[in-house]
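The values are calculated or read from the model by the stated rules, or taken from the named source; none is laboratory data. Given the structure is predicted, the values throughout are model-derived calculations rather than measurements. Cβ placement follows ideal geometry from the backbone for every residue including glycine, while neighbour counts extend to all protein chains displayed. Quick note on the areas: whole protein, heavy atoms, side chains included, nothing else; ligands and nucleic acids left out. Shrake-Rupley method; radii C 1.70, N 1.55, O 1.52, S 1.80 Å.
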Amino acid sequence: MTDLVVRAVTKSYGATPALRGVDLDVGSAGFTAILGPSGCGKTTLLRCIAGFERPDAGEILADGQVVAGTSVHVPAHRRRIAVVPQEGALFPHLSVAANVGYGLTREQRRTARVDEVLELVGLAGYGRRWPHELSGGQQQRVAVARALAPRPRLVLLDEPFSALDAALRVELRRDIRAALLAAGATVVLVTHDQDEALSTADQVAVMRDGVVVQVGAPVEVYRAP
Ligand code: ADP
Ligand code: ADP
């Protein structure tokens with residue numbers, strides 16, 4: 001498990017403050033959900049952790065190594081952080097296997113890694129299919145397989161289930177959670193859906209207005225006023 005620490009991170013877009021000093025210790029919790037209403041800064045925090053945005057102040061450490069800060073730039077391949085976006089993650093002109101193998105080196109693609117991660121997400125045998133032949137839920141499974149393929153230490157998910165219908169979501173959440181943890185990755189999920197955060201995560205960080213206001217086990221967060 002990767003130890004992720006966010007220290008006093010601030011980030012503004014022009015005059016709009018998105019993060020006002022976020023502190024968060026993901027620690028040894030396997031699966032952390034960041035829960036908060038639209039506009040509270042969840043995506044910005046995720047993008048800072050991923051290295052897509054640079055904080056204005058503060059720093060982010062993974063296993064004690066600074067991966068994001070005001071003067072730090074760690075190249076993508078050395079961060080070992082993968083992102084699963086909301087939807088539309090797949091390249092439509094590539095097969096499922098090619099999508100999953102996209103981030104791998106030629107050497108890695110020759111191994112059974114693609115089949116391995118497809119199996120992990122419940123899509124063994126789907127490698128020759130095309131994204132448009134799959135349901136929305138299956139496409140998200142492929143996106144998770146692609147994220148896992150290069151063995152990231154940290155996987156970040158941005159509302160990955162929001163485009164799917166409710167019945168499908170429950171099953172997908174359970175399967176995706178199992179796949180991510182089986183792969184040994186530390187997971188951070190961003191969502192505005194309380195039910196999703198409480199049912200999927202081991203630890204929930206509640207965000208309001210650019211700060212983390214509460215961190216706890218789902219049952220603690222649920223009991224809070
Ligand atoms: P959430 O993911 O919780 O909905 P965001 O991180 O997307 O929140 O946004 C936090 C705040 O930052 C909002 O006020 C939003 O309008 C603003 N914001 C986010 N991204 C940008 C951007 N690229 N340019 C300008 N403002 C942005
Ligand atoms: P959101 O509001 O959901 O963050 P964006 O349009 O800002 O949407 O980003 C969409 C996706 O583009 C991100 O989730 C990320 O996967 C990808 N992305 C953005 N910037 C970069 C970057 N610098 N390097 C790699 N991928 C990026």
- [ ] Determine if the range 41-63 includes at least one residue that is in a strand (DSSP E or B), on the phi > 0 side of the Ramachandran plot and either open to solvent by 20 Å² or more (accessible area, probe 1.4 Å) or away from ligand 2 (no atom under 11 Å from the Cβ) (or both).
- [x] yes
Can Gly21 be described as out of contact with any helix residue (DSSP H, G or I) (no Cβ under 9 Å at 6 or more places or on another chain), within 13 Å of ligand 2 (Cβ to nearest atom) and either modelled with pLDDT of 90 or more or among the acidic types (Asp, Glu) (or both)?
-> no
Note to self: Tell me whether the range 88-100 contains one or more residues that are within 12 Å of ligand 1 (Cβ to nearest atom) and on the phi < 0 side of the Ramachandran plot.
What the structure shows: no
Listed by first then second residue, the pairs whose first member lies in the range 76-105 and is away from ligand 2 (no atom under 16 Å from the Cβ) and open to solvent by less than 80 Å² (accessible area, probe 1.4 Å), whose partner is assigned to a loop (DSSP other than H, G, I, E, B) and among the basic types (Lys, Arg), with beta carbons under 7 Å and at least 6 positions apart or on separate chains, are Ser95/Arg128; Ser95/Arg129; Val96/Arg129; Ala97/Arg128
When the range 166-225 is checked residue by residue, the ones that are open to solvent by 10 Å² or more (accessible area, probe 1.4 Å), within 16 Å of ligand 2 (Cβ to nearest atom) and either touching a Lys or Arg at 6+ places or on another chain (Cβ under 8 Å) or part of a helix (DSSP H, G or I) (or both) are His192
